[in-house]
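First up is the structure itself, then whatever we jot down about it.
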There are 2 protein chains.
Amino acid sequence: MDKVIKVGIVGMGVVGTGVAKILLHQGSLLTERTGRQFQLKTVVDLDWERDRDIDLSGVATTTDFNALLSDPEIEIIVETVGGIEPAYSMVRQALAKGKYVVTANKALIALKGQALFKEAQEHGVDLRFEASVGGGIPIIKSLREGLVANRIKNIYGIINGTSNYILTRMHQEGLDFATALQEAQAKGFAEADPTLDVGGGDAAHKLTILASLAAGGFVDFQAIPVEGITELTTLDINFAKNFGYVIKLLAVCRFNGKLDLRVHPTLVPGDHLLAAVNNELNAIFVTGDYVGDTMFYGPGAGQAPTASAIVSDLVDLAHGIGTERETAAAPIINPEKEVPLFSLEEVTNRFYLRLFTMDQPGILAQIAGVLAKYGISISSVVQLETHGTENYVPIVLLTHEASEKAMCNALAEIKKFSFVRPDILRLRLFK
Amino acid sequence: MDKVIKVGIVGMGVVGTGVAKILLHQGSLLTERTGRQFQLKTVVDLDWERDRDIDLSGVATTTDFNALLSDPEIEIIVETVGGIEPAYSMVRQALAKGKYVVTANKALIALKGQALFKEAQEHGVDLRFEASVGGGIPIIKSLREGLVANRIKNIYGIINGTSNYILTRMHQEGLDFATALQEAQAKGFAEADPTLDVGGGDAAHKLTILASLAAGGFVDFQAIPVEGITELTTLDINFAKNFGYVIKLLAVCRFNGKLDLRVHPTLVPGDHLLAAVNNELNAIFVTGDYVGDTMFYGPGAGQAPTASAIVSDLVDLAHGIGTERETAAAPIINPEKEVPLFSLEEVTNRFYLRLFTMDQPGILAQIAGVLAKYGISISSVVQLETHGTENYVPIVLLTHEASEKAMCNALAEIKKFSFVRPDILRLRLFK
């Protein structure tokens, strides 16, 4: 007789409904593979008018979250509400009641993970979050378990599908940012308010989670420098292409004593595998001290992929429930461990600079002079010929490795030149 | 107090030594992450003269495998002997003694997995084999656990590093097969006898394991059609390139009622992510019914990556030891389950044909006529102009989808033409 695991879901939006679909439609497969029956007992949502394209007969539907909390038969609660509140209160209450929780909520883990993992530890339960990064890609499991023997040296993630879709369309079709964004919105890859995606905030949430796993302690989301893709023009895409690069929004985590974390558009060499990750797809490139370079690729969002990840968490929890098996999460992210971060100023990078200047003699010399003054060495420069119709001409420079602080000071000085337009773009090269 | 797990290794070659290095050098990290201390107690090898670049003080070294079998303290045995015997007997004995076993031995799992998993089930222990496919890539864990909610629709693996290195060098540098093979041997990516690698047998072992996991029952290694890369010439690489393809040795697993399994060189579209997997690296592209397309990339061999995978198995087992946790492997590959396979004749493919013919009028018409007779439709053809110095000129054809049986019959007929040289090459296109 297979053990029955009773599950509740709070938040029957796209993702919650996807989880219900798998539990209802893929049940015999799950039982064959795991020796467990997953019974979806109760689902909670405020809106029961919406058509969800799912037959919930046999499942209790309610608007009251307490129906999950107060039901001693429900051992695992899936939180697919999203956002911080009321999700945070719900997850805390569930953990405090001794329920196992699975969430896809990246903002919740990134911002409140420390408190939630303490809560889980105190009550001897586990909180799982595979779907919070990389959608259907089993990246959390791979980092925690598959690469458990490794100190992680660095992580480079294309972990925002919206931005990657926009950049791919800009790169491959020559679209400008606004047109590519509209297209992403029309295809359902971007929200009406795309700020969190194209501004880099969503990627920073996910980077917080990946870096915390790699470091073994929670990192401070607020301390991560974040730049989005909104300032990129087709000109930049084309210059990058001509230099042999593809611009990707990368979440970067590098260990070198302290942690160097950031999210920014990055010039990735055209022959790097990350450069071939296109459209709305995600990929996480991870280097471990024993395993070397690995990459995990797949859909970073969407109903079915996200639900696939959530159900893998359910299965893992189900294996442990009713046994003395210790939960794996607690020791792997220790809520008490301090993780020191570099400030951005402490790190070095290679830079891409794009400036518009008036078409006068001696300008390049003055700009190069400022860079030299701060010890920044130029590796390539392109200044396009003007045809007399435009007031400003673009100059693009690639630099050798230089400190962020030096670059910051140099740019402040360059901005003072009256012949330079204020919209200077500074990007970083993959390293 | 952390629980101590005592481990023995049999086979202190490259991989076994790598495992010992991780257990000895990465011990505090493993304990921090897992709450377990892994103590390497005893290592077995016949040769204790060799320098292994490791300090084994504190570890018992012996030539007698019984030292592991008869030691009740040793709970997990790592088998890194390789090959079928004596590894098979050793693993059986270990399982029969109630020991957990971790192996990197793909031939052993592919050929003897069914018997070994029955043995493990009978004795309530577990046999793990993460390192048997894809070296350091956590592909076994990802298939079994990460994608547990999915019926697997297909798997495409670049899972022989030697072949991929050779093909990359042929593609990128224009080397011929023999030169690229010599280079691979000089770099340690190919054995003195490379037959198992370049002939496709090694990839077929690994495909057997991946397909068995995906199907939930053991597939018959002997039934897999296998073609290697030894017949490929630079001409073929270049024709493929001009058509927009890269030739990769792919292990293919497609589900469509029955299982379609094969290993052969394949024309992969140049913009597919698998086409960007170069040198000795491996990648496994997996499509699940919920998750969609995913890919797992990394080093397929080598001391440190393979040891990384073995230690992840050790950690998984250590979590279960001493608890009532059921082993996950047994239900996921059911040794009793029959897995029906397609014969190659039942499947359809697109084909690449390369023939050398005498330079006479009407030849292409006759070849095309035979293909048409068998219902095979041509999608592209290239016949290069001759310059009078060569007796034979190459003709290359790409076909639309056609049955393997029809192609087989057509080729038998084409071979009878006196104007066709016998060395016809037939490749398949990615689908």
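For the reader, a short list of remarks on this structure follows.
Matching residues to (1) more than 7 Å from every other protein chain (Cβ to nearest Cβ); (2) modelled with pLDDT of 90 or more:
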position	(1), (2)
B:N282	yes, yes
B:H319	no, no
B:K337	yes, no
B:F342	yes, yes
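- Residue within the range B:84-101 that is surrounded by 21 or more Cβ atoms within 10 Å (Cβ to Cβ), under 27 Å from the mean Cα position of the chain (by Cα) and within 14 Å of another protein chain (Cβ to nearest Cβ) present: no
- Against the test of being at pLDDT 95 or above and in contact with a strand residue (DSSP E or B) (Cβ under 9 Å, 6 or more places away or on another chain), the options A:A96, A:A120, A:A131, A:A110 yield a single qualifying residue, A:A131.
- Residue ID - surrounded by the most Cβ atoms within 10 Å (Cβ to Cβ), chosen from residues in the range A:249-274 that are closer than 22 Å to A:Q172 by Cα and within 14 Å of chain B (Cβ to nearest Cβ): A:V268
- Residues that are in contact (Cβ under 8 Å) with a residue 60 or more places away in the chain and in a loop (DSSP other than H, G, I, E, B) were ranked within the range B:344-370; the one that is surrounded by the fewest Cβ atoms within 10 Å (Cβ to Cβ) is B:R350.
- Taking first residues from the range B:18-40 that are over 18 Å from B:I54 (Cα atoms) and partners that are in a helix (DSSP H, G or I), the Cβ contacts under 6 Å between residues at least 6 apart in sequence or on separate chains come to B:R33/A:P331; B:R33/A:I332; B:T34/B:V315; B:G35/A:P331; B:R36/B:A318; B:Q37/B:T31.
- Answer from B:K141, B:K118 - the residue that is within 14 Å of another protein chain (Cβ to nearest Cβ), basic (K, R) and more than 25 Å from B:A67 (Cβ to Cβ): B:K141
- Residue match in the range A:153-171 (condition: over 18 Å from A:N282 (Cα atoms) and within 14 Å of chain B (Cβ to nearest Cβ)): yes
- Residue within the range B:221-242 that is of a type in the set (A, V, I, L, M), surrounded by fewer than 21 Cβ atoms within 10 Å (Cβ to Cβ), part of a strand (DSSP E or B) and assigned by TED's automatic domain parsing to the domain that holds B:V148 present: yes
- Residue check for A:E79: assigned by TED's automatic domain parsing to the domain that holds A:A309 and under 30 Å from B:A214 (Cα atoms): yes
- Once the range A:16-54 is narrowed to residues that are in contact with a helix residue (DSSP H, G or I) (Cβ under 7 Å, 6 or more places away or on another chain) and assigned to a loop (DSSP other than H, G, I, E, B), the residue that is farthest from A:K6 (Cα to Cα) is A:R52.
- Residue check for B:V102: in a strand (DSSP E or B) and free of Cβ contacts under 8 Å to residues at least 40 places away in the same chain: no
- Counting only residues that are more than 7 Å from chain B (Cβ to nearest Cβ) and among the small types (G, A, S), the range A:284-304 holds 3 of them.
The values are calculated or read from the model by the stated rules, or taken from the named source; none is laboratory data. Keep in mind it's a predicted model, so treat the numbers as computed, not measured. Here the Cβ is made from the backbone with ideal geometry for all residues, glycine too, and neighbour counts use every protein chain on show.
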